[in-house]
Structures are given as structure tokens and as C-alpha cells.
Amino acid sequence: MYAQMVTSEASNEDPEKLAAFQARIDAGEKIEPKDWMPEGYRKTLIRQIGQHAHSEIVGQLPEGNWITRAPTLERKAILLAKVQDEAGHGLYLYCAAETLGVSRDELTEALLAGKMKYSSIFNYPTLNWADIGAVGWLVDGAAIMNQVPLQRTSFGPYSRAMIRICKEESFHQRQGYDIMMKMAQGTPEQKAMAQDALNRFWYPSLMMFGPSDRDSVHSAQSMAWKIKINTNDELRQKFVDQTVPQAEYLGLTIPDPDLKWNEEKGGYDFSEPDWSEFFEVIKGNGPCNAERMEARQKAWDDGAWFRDGLMAHAKKRAAARVAAE
Ligand code: 3HC
């Protein structure tokens, strides 16, 4: 439905402007906020960047839950730094979305009203410390796979935000893999915890790349506008091909009996996630959706006084500047 709306809006646009715009995209030019753009391009960017930003902020919750329970002071410091980075990623992305004429408040209210999404992966619980390793290794690993191509996205502010974010993501993935290595090489109980975490996070991590290409409603248009550089399945395949050897190095088993190297394809054949589970989770029926939304709603309500104070102060300063002119 959304894809038709976007293309139908494209058909309402001035054909000459549309053709000139597409020529800029095809030439690999960056589109900047003040440039002419089709309404559908703007709407798609607000949707994708806004949901990306929401994912960064909601993504702090499952890991933040373990900061006070990290096994050592060093692990606590590392996790603190990572969770703080994610807040910064959300900031860059909300700023990029604001250049399209939408405010952070509107985006947050749309999220809280269930009109915008965040990444499905953050609706799964982090039950123990091995899960924090699996999140860093698999979730940030998948995020890197998805975000590196986005550094070349056609919208300037999004591309520049991605360049900054990708620099920090590699540390996120590395610290997670380091936790998994310590546990896989630890006691039998620790190795069993690492395997259990891999079992529970493997398929939800594959879902992060979105539905299969046959069910992706936005890919065609998003790729035509170079908002999206690769299809969902292309990136999922790259993620599997990169991650299987890492699991083998840890001595852990990918929970997929049909995983097999395909020489002809030059990649692994693997089982798809349970797409009915995926669509249930993004509809709001995952294990932690309600908990995550309650936490975001509480943070939004608790912060109202601070936002109001900031705005009042900004208005007072602006009025004083006008009076002084
Ligand atoms: N979780 C939630 N919703 C998802 C999803 C997921 N994993 N994958 C797809 N969807 C939604 C889409 O948003 C769309 O719904 P909408 O029309 O209401 O927005 C619908 O499912 C159809 O999917 P499409 O493939 O047609 O949608 P897209 O073309 O937008 O592709 C995407 C989905 C690949 C996630 C793309 O939006 C994208 O690349 N987004 C930017 C990256 C991003 O948001 N990553 C999220 C993780 S951020 C993160 O991991 C933080 C890190 O620090 C840990």
C-alpha cells in the first residue's frame, strides 16, 4: 500500500522535475535538504531515518538492563560506552530526519502512538550476560552489514550520519564477540550459556534485514532512489557468510540443520526465519514490545518538564535578542 502511495505521488509530480531529480540520483549526486525532491522521496526518508533513530534509542534498553550487572568493572565501562554511543547515533539520525521538516517530538509521538516502528530485534529479552555478547556480536554485526552501504545513500545528511555511526559500530561488534570468546573458552556452563544465546538470537538477527525480497514493499522504490543500496536478502546473505566462520572459531553451532556451504553460489544455504513470527513482532506482539513502549513512554513523560524548560529558556533568549536589536 505504502509503495503504491509513494509511486502514485511520484506520478503527481512535475515530470520534468522528476526526470531531473532521477538523473541526479543516477549520477550518484547527494541530495541536500534544500534541494527539490519528490514528496515520496521525502516521506520514505522520514520513515526510514525516523525508524532507524527510534531503533537506536529503544536498542539501549536491552543492554542498559545489564550495566548494573556487568561481571567486571571493565565490562561495565565498555557497556556504558556502547549504550552511550547508541544515544548519540539516535541523535545524529533524529537531526538528519529534522532536515526533512519533521520534528523529533513528532517522530517520538508517532512511535508512542504505534504509527512508527523500531527494529524487531529489540523486542527480544536479554536474559543473561551471554546475551549481551550475542547482541554485540550478532545485532551490531547485522547493523554494520546494513549500515555500511547506507554511507552511500543518496540523501546527504543520512549518508554523513552513517559514516560517523559506522566508525563506532565496529567497536560495538568487537566487544560483543570478545564476550562470546571469553565465555566459549570458559567453563562448560559458560560455553553452554554462549550457545544458548546464539540459539535465541540467530533468527531474530536474520530478521533485522527486513522481510524477504519477495515481501519487501519498499525496496524497489528505495533502491531506484538509492535510499537503499542493497536488497534485504543480499545483506542477509552477506551477514550469514561472514558470521558462520566466526561461530566456528568460537566452537559454537549455528542453530540451523540446513546450513550448508554452496560452492556454486559461493555462499551458505540457510533456513529463512519464521516470517509469521517476524510480522507478529513488528505488529507489536513480540516478547518485549509492551515493556519497551512503556519504558519509552515513561522516559517521554518524565522528560516533559525538562523539554518545556529548555523551550521556555530558548524563547526567552530569542525574545531578548530581538529586544536588543
Ligand atoms: N524491524 C521492524 N520493522 C521492519 C524490519 C525490522 N527488522 N524490517 C522491515 N520492517 C518493516 C519496514 O519498516 C516496513 O514497514 P513500514 O512501511 O511500516 O515502515 C515493512 O517492514 C516492510 O519492509 P521493507 O523491506 O519493505 O522496508 P524497508 O525498505 O524500509 O527495509 C530496513 C527495512 C532494511 C530495516 C530498512 O528500513 C533499513 O535499512 N533501515 C535503516 C537501518 C535500520 O533501521 N536498522 C535498524 C537497526 S539499528 C540498530 O541495529 C542499532 C545498532 O546500534 C544496534
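Checking Y124 against (1) free of Cβ contacts under 8 Å to residues at least 60 places away in the same chain; (2) in contact with a Cys (Cβ under 9 Å, 6 or more places away or on another chain); (3) not polar (S, T, N, Q), which test does it fail?
(1)
Being open to solvent by 10 Å² or more (accessible area, probe 1.4 Å), in contact (Cβ under 8 Å) with a residue 60 or more places away in the chain, farther than 30 Å from L250 by Cα and in a helix (DSSP H, G or I): is that true of A110 here?
Considered against the rule, which asks whether it is open to solvent by 10 Å² or more (accessible area, probe 1.4 Å), in contact (Cβ under 8 Å) with a residue 60 or more places away in the chain, farther than 30 Å from L250 by Cα and in a helix (DSSP H, G or I), A110 comes out as yes.
Which condition from (1) within 12 Å of the ligand (Cβ to nearest atom); (2) more than 21 Å from the chain's Cα centre (by Cα); (3) of a type in the set (F, W, Y) is the one that F209 breaks?
Against the list (1) within 12 Å of the ligand (Cβ to nearest atom); (2) more than 21 Å from the chain's Cα centre (by Cα); (3) of a type in the set (F, W, Y), F209 comes up short only on (2).
Working only within the range 280-291, note down all residues that are outside any loop (DSSP other than H, G, I, E, B) and either open to solvent by 30 Å² or more (accessible area, probe 1.4 Å) or without any contact (Cβ under 8 Å) to a residue 40 or more places away in the chain (or both).
Answer for the range 280-291, where residues must be outside any loop (DSSP other than H, G, I, E, B) and either open to solvent by 30 Å² or more (accessible area, probe 1.4 Å) or without any contact (Cβ under 8 Å) to a residue 40 or more places away in the chain (or both): E280, I282, K283, G284, N285, A290, E291.
Considering (1) in contact with a Gly (Cβ under 9 Å, 6 or more places away or on another chain); (2) open to solvent by less than 60 Å² (accessible area, probe 1.4 Å), say which one K226 fails and leave the rest.
Going through (1) in contact with a Gly (Cβ under 9 Å, 6 or more places away or on another chain); (2) open to solvent by less than 60 Å² (accessible area, probe 1.4 Å) one by one, K226 breaks only (2).
Considering only the range 270-279, I want to know if a residue exists there that is within 16 Å of the ligand (Cβ to nearest atom), surrounded by fewer than 11 Cβ atoms within 10 Å (Cβ to Cβ) and modelled with pLDDT of 95 or more.
There is at least one residue in the range 270-279 that is within 16 Å of the ligand (Cβ to nearest atom), surrounded by fewer than 11 Cβ atoms within 10 Å (Cβ to Cβ) and modelled with pLDDT of 95 or more.
Considering only residues that are farther than 14 Å from F201 by Cα and under 25 Å from the mean Cα position of the chain (by Cα), look in the range 245-268 and name the one that is most open to solvent (accessible area, probe 1.4 Å).
Filtering first and then ranking leaves P245.
Of all residues in the range 292-302, count the ones that are open to solvent by 30 Å² or more (accessible area, probe 1.4 Å) and in contact (Cβ under 8 Å) with a residue 60 or more places away in the chain.
Counting residues in the range 292-302 that are open to solvent by 30 Å² or more (accessible area, probe 1.4 Å) and in contact (Cβ under 8 Å) with a residue 60 or more places away in the chain gives 5.
Got a sec? Which of K43, K117, K34 is closer than 22 Å to S222 by Cα, within 12 Å of the ligand (Cβ to nearest atom) and without any contact (Cβ under 8 Å) to a residue 60 or more places away in the chain?
Only one candidate passes the filter, namely K43.
With (1) outside any helix (DSSP H, G or I); (2) closer than 29 Å to M180 by Cβ as the list, and E264 as the residue in question, which single condition is left unmet?
(2)
The values are calculated or read from the model by the stated rules, or taken from the named source; none is laboratory data. Because the structure is predicted, anything quoted here is derived from the model rather than measured. Heads up, the Cβs are rebuilt from the backbone with ideal geometry, glycines too, and the neighbour counts pull from every protein chain shown. Surface areas here come from the heavy atoms of the whole protein model, side chains and all, with no ligands, DNA or RNA. Shrake-Rupley method; radii C 1.70, N 1.55, O 1.52, S 1.80 Å.
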